[in-house]
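What follows is a short report on a single structure.
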Amino acid sequence: MIRLVGVTKSYRVGDQVIPVLKGIDLEVGRGEFVTIMGPSGSGKSTLMHIVGLLDRPTSGDYELNGQPVLHLPSNHLARLRNQNIGFVFQNFHLIPRMSALRNVELPMVYAGVPRARRRDRAMELLEKVGMANRAHHLPNELSGGQRQRVAIARALANDPAVLLADEPTGALDQQTGAEILRLLQDLNASGRTVMVITHDPHVARAGRRILHMVDGEIVREEVRDESR
Ligand SMILES: Nc1ncnc2c1ncn2[C@@H]1O[C@H](COP(=O)(O)OP(=O)(O)OP(=O)(O)O)[C@@H](O)[C@H]1O
Ligand SMILES: [Mg+2]
């Protein structure tokens, strides 16, 4: 469902061109759970932003669901992203002045879902992540793990086939992190494609495939035995 071929990304800083991704080839099939590890600065987030249509590569090709996407205009890409991709970040990125419920509704506002349906669906999603009893709390009235649950509910708002998470447990204690990981695994078991960036080897082992990035390249891929 995700296919990158020869993807590069460089940034121009002053009169220097800094290569950040140096030719990434990557295929991820529907329903896979892939994790990405690698040192700080190796290009993990940059890669995830490209996969998530938040950023365009400098060169290379990208097919999502068999459709080349890089030639599409930005508004079309934004729509594809809204419909197909859910994002979860290390620091949750919730909107501080909005309740948990309103945060989860927001992607549905952009997708044009009518108000009553939006509300029902947001409530359903909060239930699914175990946060229905905090629906009317503001983010700063929630613990880190609870905020991340809300962020996951928001990522699921438009029922995306792909869930991308950039260090989703990075700001959480071990036990809370484990709960969030379990939630991601459940979502994968129900058919979603999941990609997770992590510095935690324990989290990385949740993936059937672990991609190791160094200096803008995927230098190694571990495929874990399913029959543990
Ligand atoms: N807008 C930008 N302009 C210039 N350089 C950038 C820009 N964004 C990222 N970079 C550079 O790209 C490289 C990769 O950054 P990226 O955020 O992808 O790393 P990462 O692997 O996610 O690291 P971390 O584990 O610290 O999150 C870094 O060297 C960074 O300085
Ligand atoms: Mg990063």
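The values are calculated or read from the model by the stated rules, or taken from the named source; none is laboratory data. Every value quoted in this text rests on a predicted model; they were computed, and no experiment measured them. Counting neighbours? That spans all protein chains shown, and the Cβs are built from the backbone with ideal geometry, glycine included. Ligands, DNA and RNA are stripped out before the accessible areas are found, and what is left, the full protein with its side chains, is counted by its heavy atoms. Shrake-Rupley method; radii C 1.70, N 1.55, O 1.52, S 1.80 Å.
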message: Can you say whether Val7 is surrounded by fewer than 20 Cβ atoms within 10 Å (Cβ to Cβ), at pLDDT 95 or above and more than 18 Å from the chain's Cα centre (by Cα), as far as the supplied structure shows?
response: no
query: Any chance the stretch 119-127 includes a residue that's surrounded by fewer than 22 Cβ atoms within 10 Å (Cβ to Cβ) and small (Gly, Ala, Ser)?
result: no
task: Examine the stretch 35-53 for a residue that is more than 16 Å from ligand 2 (Cβ to nearest atom) and in contact with a Ser or Thr (Cβ under 8 Å, 6 or more places away or on another chain), and state whether such a residue exists.
output: no
- prompt: Of all residues in the stretch 128-138 being part of a loop (DSSP other than H, G, I, E, B) and open to solvent by 40 Å² or more (accessible area, probe 1.4 Å), which is modelled with the lowest pLDDT?
  reply: Gly130
message: Anything in the stretch 146-171 that is within 16 Å of ligand 1 (Cβ to nearest atom) and among the aliphatic types (A, V, I, L, M)? List them, or say none.
response: Leu164, Ala165, Ala171
- line: All conditions in (1) more than 16 Å from ligand 2 (Cβ to nearest atom); (2) modelled with pLDDT under 95 are true of Asn91 except (1)
- line: Val113 meets each of (1) more than 16 Å from ligand 2 (Cβ to nearest atom); (2) among the aliphatic types (A, V, I, L, M); (3) assigned to a helix (DSSP H, G or I) with one exception, condition (3)
field: Cβ-Cβ under 8 Å pairs, at least 6 apart or on other chains, the stretch 1-27 side within 11 Å of Ser59 (Cβ to Cβ) and within 16 Å of ligand 2 (Cβ to nearest atom), far side acidic (Asp, Glu) and not in a strand (DSSP E or B)
entry: Lys9/Asp55
